[in-house]
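Novice: Structure provided below as structure tokens; questions to follow.
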Amino acid sequence: MKWLGNDEELLKELHHQPVVSVFNLYTHESTIFTPVRSKRPGSGDVSPDVDKYVEELNQKTQSDCDFCNYKRMTARSVFPRVESKLTASSSNAFVFEAFHGILFPRTHHPVKFTKEQFIDMMETTVKWFKTAYNEDRKFKYPHMMWDLLSKASASQPHPHVQVTLAPARHYGLMEHLKISAQQYAFDHDGRNYFTDLVEVHEALGLSAKVGRAVAIAYLTPKKENEVIVISRTANADFFLLFFYVVQAFFDQKLYAISSGTMYPTMDHFENPPPEDTPAMVRIISRGGATSPRADISSLELFGVLKTYI
């Protein structure tokens with residue numbers, strides 16, 4: 001009873017635990033929902049001092065931040081830096097693609113960026129994609145990755161997104177999703193997988209819209225609280241809804257987040273055909289920013305994804 005906090009009601013719950021398993025027949029994603037496991041010691045804890053931690057981190061790291069001194073401390077790409085009034089960029093010194101950049105707001109604070117700053121950074125990533133694509137049109141598969149705070153594996157506290165163009169295909173999980181959508185269309189008289197995916201979540205009350213973009217609380221999430229934002233193209237509504245989702249995480253003091261974004265191929269970026277991928281970003285929480293506990297276990301690595309919601 002000690003690890004249950006001497007809670008008699010929780011003990012009763014342990015004898016009647018609901019377990020729900022969801023399997024996607026096309027993407028082969030599988031998630032087990034086990035709400036009672038959220039009561040385990042240390043599970044999902046958000047420290048009451050997390051805001052203090054973030055503020056101290058901001059103050060401690062600003063003076064020697066590479067991104068705050070990017071012109072002197074960061075590398076340039078083969079083309080000039082892609083910049084705006086609110087956003088700067090650099091090449092990645094540790095590349096995994098020929099075209100691999102980093103974009104970041106000009107202010108240092110890890111979580112106190114404005115809507116204007118965020119959307120400007122997103123729009124500047126699109127300019128970066130187009131600039132890189134014009135350098136070599138064999139590289140046409142765009143991706144954007146973002147980890148925030150060290151708990152989410154970010155190398156620096158200053159917010160920064162990584163952008164790449166790949167030459168052959170989208171990266172593995174993203175390419176698998178696109179292939180799954182094509183198979184779904186083949187099996188269902190050309191129906192669009194992403195349209196039907198959104199409709200299922202809408203029917204269950206698991207969606208929200210901003211203009212041409214929709215956010216869904218995904219039924220087969222990689223971690224607790226996964227939200228996917230989808231739009232046909234990378235438009236203003238898509239970036240705005242992305243910002244609102246991030247702020248929803250922040251409102252819960254979930255500052256350590258990771259996201260992965262796939263876009264339509266560059267040769268159809270503004271007007272993708274039905275068989276191409278839409279603009280889509282997946283966002284998850286990585287747990288309490290100050291928690292020493294890892295947010296992934298052998299079950300997620302080698303078995304099935306689980307969530308405690």
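Novice: If I filter segment 89-109 for residues that are part of a loop (DSSP other than H, G, I, E, B), in contact with a Phe, Trp or Tyr (Cβ under 6 Å, 6 or more places away or on another chain) and within 19 Å of Met144 (Cα to Cα), do I get at least one hit? Quick ask: steps written out before the conclusion?
Specialist: As a first pass, look at segment 89-109 and keep what is part of a loop (DSSP other than H, G, I, E, B): 92-98, 106-109.
Filter again for in contact with a Phe, Trp or Tyr (Cβ under 6 Å, 6 or more places away or on another chain), leaving none.
No, that holds for no residue.
Novice: Next question. If you go through segment 122-130 one residue at a time, do you hit one that is over 30 Å from Asp51 (Cβ atoms) and modelled with pLDDT under 95?
Specialist: no
Novice: Among the numbered criteria (1) at negative phi; (2) part of a loop (DSSP other than H, G, I, E, B), which single criterion is violated by Ile228?
Specialist: (2)
Novice: OK, next. Going through Ser285, Ser298 one at a time, which residue ends up being open to solvent by 20 Å² or more (accessible area, probe 1.4 Å) and modelled with pLDDT under 95?
Specialist: Ser298
Novice: Taking the condition within 13 Å of the chain's Cα centre (by Cα), open to solvent by less than 10 Å² (accessible area, probe 1.4 Å) and under 22 Å from Val54 (Cα atoms), does Ile257 pass?
Specialist: yes
Novice: With Ala215, Ala203, Ala185, Ala181 as the choices, which residue is surrounded by fewer than 20 Cβ atoms within 10 Å (Cβ to Cβ) and either under 30 Å from Gly288 (Cα atoms) or in contact (Cβ under 8 Å) with a residue 24 or more places away in the chain (or both)? Steps first, answer last, please.
Specialist: Values: Ala215 fails: surrounded by fewer than 20 Cβ atoms within 10 Å (Cβ to Cβ); Ala203 fails: either under 30 Å from Gly288 (Cα atoms) or in contact (Cβ under 8 Å) with a residue 24 or more places away in the chain (or both); Ala181 fails: surrounded by fewer than 20 Cβ atoms within 10 Å (Cβ to Cβ).
Of the residues listed, the single one that is surrounded by fewer than 20 Cβ atoms within 10 Å (Cβ to Cβ) and either under 30 Å from Gly288 (Cα atoms) or in contact (Cβ under 8 Å) with a residue 24 or more places away in the chain (or both) is Ala185.
Novice: Thr277 versus (1) touching a strand residue (DSSP E or B) at 6+ places or on another chain (Cβ under 9 Å); (2) in a helix (DSSP H, G or I); (3) in contact (Cβ under 8 Å) with a residue 60 or more places away in the chain; (4) closer than 29 Å to Ala132 by Cα: which is the lone unmet condition?
Specialist: Only one criterion is unmet by Thr277, namely (2).
Novice: Of everything in segment 127-151, what is part of a helix (DSSP H, G or I) and either crowded, with 21+ Cβ neighbours inside 10 Å or of a type in the set (D, E, K, R) (or both)? Give them in sequence order.
Specialist: Within segment 127-151, Lys127, Trp128, Phe129, Lys130, Ala132, Glu135, Lys151 meet the criteria.
Novice: Determine whether Ala168 is closer than 18 Å to Pro264 by Cα and out of contact with any helix residue (DSSP H, G or I) (no Cβ under 8 Å at 6 or more places or on another chain).
Specialist: yes
Novice: Within segment 56-72, which residues are part of a loop (DSSP other than H, G, I, E, B) and within 16 Å of His160 (Cβ to Cβ)?
Specialist: Passing the criteria: Gln62, Asp64, Cys65, Asp66, Phe67, Cys68, Asn69.
Novice: Just checking, does segment 85-99 include any residue being at pLDDT 95 or above and open to solvent by 50 Å² or more (accessible area, probe 1.4 Å)?
Specialist: yes
Novice: Let me ask something additional. Would you tally the residues in segment 197-220 being part of a helix (DSSP H, G or I) and farther than 16 Å from Val22 by Cβ?
Specialist: Result for segment 197-220: 3.
Novice: Something else about it: Going by the conditions given, is Asn69 farther than 29 Å from Thr220 by Cβ, open to solvent by less than 80 Å² (accessible area, probe 1.4 Å) and either at pLDDT below 90 or among the small types (Gly, Ala, Ser) (or both)?
Specialist: The answer is no for Asn69.
Novice: Go through (1) assigned to a loop (DSSP other than H, G, I, E, B); (2) β-branched (Val, Ile, Thr); (3) within 30 Å of Ala168 (Cβ to Cβ); (4) touching a residue at least 60 places away in the same chain (Cβ under 8 Å) for Thr290 and report which single condition fails.
Specialist: Of (1) assigned to a loop (DSSP other than H, G, I, E, B); (2) β-branched (Val, Ile, Thr); (3) within 30 Å of Ala168 (Cβ to Cβ); (4) touching a residue at least 60 places away in the same chain (Cβ under 8 Å), only one is false for Thr290: (3).
Novice: Now a separate question. Do we have any residue at all in segment 228-250 that's free of Cβ contacts under 8 Å to residues at least 24 places away in the same chain and either open to solvent by less than 30 Å² (accessible area, probe 1.4 Å) or closer than 30 Å to Ser291 by Cα (or both)?
Specialist: Of segment 228-250, the ones free of Cβ contacts under 8 Å to residues at least 24 places away in the same chain are 247-248.
Filter once more, so that each one left must be either open to solvent by less than 30 Å² (accessible area, probe 1.4 Å) or closer than 30 Å to Ser291 by Cα (or both): 247-248.
Yes, segment 228-250 contains at least one residue that is free of Cβ contacts under 8 Å to residues at least 24 places away in the same chain and either open to solvent by less than 30 Å² (accessible area, probe 1.4 Å) or closer than 30 Å to Ser291 by Cα (or both).
The values are calculated or read from the model by the stated rules, or taken from the named source; none is laboratory data. Since the structure is predicted, the reported quantities are computational estimates derived from the model, not experimental observations. Glycine gets a Cβ as well: all are built from the backbone with ideal geometry, and neighbour counts include every protein chain shown. Heads up: the accessible areas ignore ligands, DNA and RNA and are worked out on the full protein's heavy atoms, side chains in. Shrake-Rupley method; radii C 1.70, N 1.55, O 1.52, S 1.80 Å.
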